[in-house]
Amino acid sequence: MVASIQAVAPHDVALSVRDLTVNLPQGMERTHAVKNISFDLKRGQILCIIGESGSGKSVTANTIMGLLPKVIRLSSGVIQLEGMNIIGMSPDKLRNLRGRVVSMIFQDPLSALNPLMTVGAQIDEVMAAHGFGTPQACRNRAIELLTEVGVPDPELMYHQYPFRLSGGQRQRVMIAMALALEPTVLIADEPTTALDVTTQAQILQL
Ligand SMILES: Nc1ncnc2c1ncn2[C@@H]1O[C@H](COP(=O)(O)OP(=O)(O)OP(=O)(O)O)[C@@H](O)[C@H]1O
Ligand SMILES: [Mg+2]
């Protein structure tokens, strides 16, 4: 697979990963989480990464998001988002890309959502952080997003705290947040485990 990939990614490639190797801390059962992986994701394409538990899927996703824990070290490779190399990029620049160019739906919505903020405020915050517009515009867009992802009674849900929602509803809220800025690349780390099959299909069409 690696050998057939060109050294330089063509223009229509939104995300390009080359020879990515991520080392694990000493004392783990393996020395690396991922070793020499390469792939390209073109605009409009869906790429599925499969592998057994512990094979490095979440580590790969977190590396692309620039969210690796300190103990895990990227040892080699190149990651390009819309042609920009993100390895070694400053935290400020990375923050600017996250949400806008690349966004992630996490495996566990309860630990990713802020328990002390209403659902609506959290979606608004994503947009406000990137200068989306007036508070009213953010609110309207948040309710539109909640409607799109199929949360029941979006106007009411907007004012709820995450603990009041079911697992599936929380997952939809996470998806709404991830879609808020219409990112070029959306990473989904096993996001539909909490959803029924019909909803999984709906989500994939969004
Ligand atoms: N914070 C961490 N500290 C040390 N090792 C870690 C850490 N996070 C992940 N690992 C190790 O990295 C390897 C890959 O883990 P990862 O979470 O990417 O697997 P995965 O493919 O997402 O598995 P699953 O399907 O169970 O979610 C595993 O060997 C794991 O033990
Ligand atoms: Mg995982």
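Please treat every number below as a calculation from the coordinates, not as lab data. These numbers come from a predicted model, not from an experiment. Neighbour counts run over all protein chains shown; Cβ positions are idealised from the backbone, glycine included.
Quick look at the values:
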{"item": "Formal net charge of residues neighbouring V17 (Cβ-Cβ distance under 14 Å; K, R +1; D, E -1)", "result": "+1"}
{"item": "Count of Lys pairs (Cα-Cα under 22 Å; at least 8 positions apart or interchain) in the chain", "result": "5"}
{"item": "Helix-only mean residue ellipticity at 222 nm for the chain, each DSSP H run of n ≥ 4 adding -39500 (n - 2.57), per residue, nearest 500", "result": "-9500 deg cm²/dmol"}
{"item": "Exposed-site-free run, longest, the chain (rule: trypsin sites (Lys or Arg not before Pro); DSSP loop; at most 15 other C-beta within 10 Å)", "result": "71-206"}
{"item": "Extension gain from Q26 to L186, taking 0.36 nm per residue of separation minus the Cα-Cα distance", "result": "54.4 nm"}
{"item": "Top of G167, G56, G44 by mean-square fluctuation, Gaussian network on the chain, Cα under 10 Å", "result": "G44"}
{"item": "Whole-angstrom gap from the range 49-70 to the range 121-200, using each part's C-alpha centre", "result": "23"}
{"item": "Q136-R100 pseudo-label distance in nm [points 7 Å out on the Cα-to-Cβ vector]", "result": "2.5"}
